[in-house]
1. Does the stretch 48-58 hold any residues that are out of contact with any Gly (no Cβ under 8 Å at 6 or more places or on another chain) and surrounded by 13 or more Cβ atoms within 10 Å (Cβ to Cβ), and which are they?
2. Any residue in the stretch 49-75 that's more than 11 Å from residue 90 (Cβ to Cβ): show its pairings with residues that are open to solvent by 70 Å² or more (accessible area, probe 1.4 Å) and part of a strand (DSSP E or B) at Cβ separation under 9 Å, as long as the two are six or more apart or on different chains.
3. Tell me, yes or no, whether the stretch 161-179 has at least one residue that is surrounded by fewer than 21 Cβ atoms within 10 Å (Cβ to Cβ), of a type in the set (A, V, I, L, M, F, W, C) and touching a strand residue (DSSP E or B) at 6+ places or on another chain (Cβ under 6 Å).
4. Please go through the stretch 20-47 and pick out each residue that is more than 7 Å from the ligand (Cβ to nearest atom), surrounded by 12 or more Cβ atoms within 10 Å (Cβ to Cβ) and within 23 Å of residue 64 (Cβ to Cβ).
5. Taking the stated definitions as given, is residue 11 assigned to a loop (DSSP other than H, G, I, E, B), within 15 Å of the ligand (Cβ to nearest atom), open to solvent by 10 Å² or more (accessible area, probe 1.4 Å) and of a type in the set (A, V, I, L, M)?
6. Are any residues in the stretch 281-304 within 20 Å of residue 331 (Cβ to Cβ), over 15 Å from the mean Cα position of the chain (by Cα) and in a strand (DSSP E or B), and if so, which ones?
7. Limited to the stretch 184-235, what total is found for residues that are more than 30 Å from residue 150 (Cα to Cα), open to solvent by 70 Å² or more (accessible area, probe 1.4 Å) and among the charged types (D, E, K, R)?
8. Read through the list (1) under 18 Å from residue 336 (Cβ atoms); (2) in contact with a Leu (Cβ under 9 Å, 6 or more places away or on another chain); (3) more than 16 Å from the ligand (Cβ to nearest atom), then give the number of the only condition that residue 52 fails.
Amino acid sequence: MKSYKLAIVGATGVVGRTALKVLEEKNLPISEYVLFASKRSCGTKLHFMGKNYEVRELTETSFDEGFDFAIFSAGGDTAKKFAPIAASKGCIVVDNSSAFRMEKDVPLVVPEVNPEEIKNHRGIIANPNCSTIQAVVALKPLDTKYHIKRIVYSTYQAVSGAGSKGIYDLENGIHNFESKQECTKNNEQNYELQKFPYPIFNNCLPHIDIFLENGYTKEEEKMINETRKILKRPDLKITATTVRVPVFNSHSESINVEFEKDFDLEELVLTLKNAPNVIVQDDVKNNIYPLATNATGHDEVFVGRIRRDKSVKSGVNLWIVADNIRKGAASNAIQIVEKLIDFDNN
Ligand code: A2P
């Protein structure tokens, strides 16, 4: 088998560091790794694959030395500037930001759902939004079998999805609360927020990414548009409310799905059980259902609370949980690289 060279852009960030961990767990035929971040991190040492890697500053000439693949987890602005440069030098870029996701010629890929789209693809491949990835892994087999008519998404999203600054805001909120006298404990804030407009500790913020003219947030629009693109259902009826909650890691989602076709509930559960990388955890008599704390550290998508929606002719409610930094970002990107390597060798 051939051996490849991979760049990790944004290696010092939350997703980048997790990508390094996931790569260590896998045995990919990659002989050379180069770690990039901003000027701020230039010279930082990261322990990876048993040795210390010095982080390099990402510049316009970074890709001149030639790379097979690059995983970008450095935000939209960095991706817009540097991903096209990398691609122009023959590197296949898997970008975690939303910069290219809706571009017509950019495949938006979840390996369990639409891997065929990256066969022979060169240039930029987009990694979908974290909330969308975990939803479509479970929804794709149901769409194939029962043809989805409408989806209502309600999300409970962890702060890790907002990067290191989101994690600091929750940590600082907790420390602020703990450092107060028991009798004066309230949500009064005496620390600087780095990411969110209000304290995330003790709160739920129905506000992820920016608000748009139509009253939706950009995160909600991303879930709607990306689900349509990945499932190849451009007219699918979808609505979404995305909420940031004081959970460190793993997103939880309540998903209401209406189908064109009738279904048998047992058969639907079996369909989910047989779906790749879906784990059904649904035994309410024993209080078994997916939890953020249990999903963290895993690449599978956990589905539970599977019950018929009695308010419509053919509908179901699902509770779907996954590690947003692993399956929602780092692992999905690495699985895309794995698929590219598979296609290249077969
Ligand atoms: P740095 O650590 O040098 O700022 P997170 O959102 O988890 O904080 O991670 C963002 C990642 O994107 C970090 O690795 C960060 O590097 C990187 N990054 C931000 N801006 C740039 C840039 N202009 N060039 C390269 N990497 C960048």
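The values are calculated or read from the model by the stated rules, or taken from the named source; none is laboratory data. Quantities reported herein were computed from a predicted structural model and do not represent experimental measurements. Here Cβ is always computed from backbone atoms with ideal geometry, including for glycine, and neighbour counts include all displayed protein chains. All accessible areas refer to the heavy atoms of the entire protein, side chains included, with ligands and DNA or RNA removed. Shrake-Rupley method; radii C 1.70, N 1.55, O 1.52, S 1.80 Å.
1. Here is the first cut: in the stretch 48-58, the residues out of contact with any Gly (no Cβ under 8 Å at 6 or more places or on another chain) are 48-53, 56-58.
Passing the criteria: 48, 53, 56, 57, 58.
2. Pairs that qualify, where the first residue is more than 11 Å from residue 90 (Cβ to Cβ) and the partner is open to solvent by 70 Å² or more (accessible area, probe 1.4 Å) and part of a strand (DSSP E or B), are 52/45; 53/45; 53/47; 54/45; 55/45; 62/56.
3. no
4. Passing the criteria: 30, 32, 33, 34, 35, 42, 44, 46.
5. Here the answer is no, as residue 11 does not meet what is asked.
6. Within the stretch 281-304, 303 is the sole residue that qualifies.
7. The qualifying residues number 3.
8. (1)
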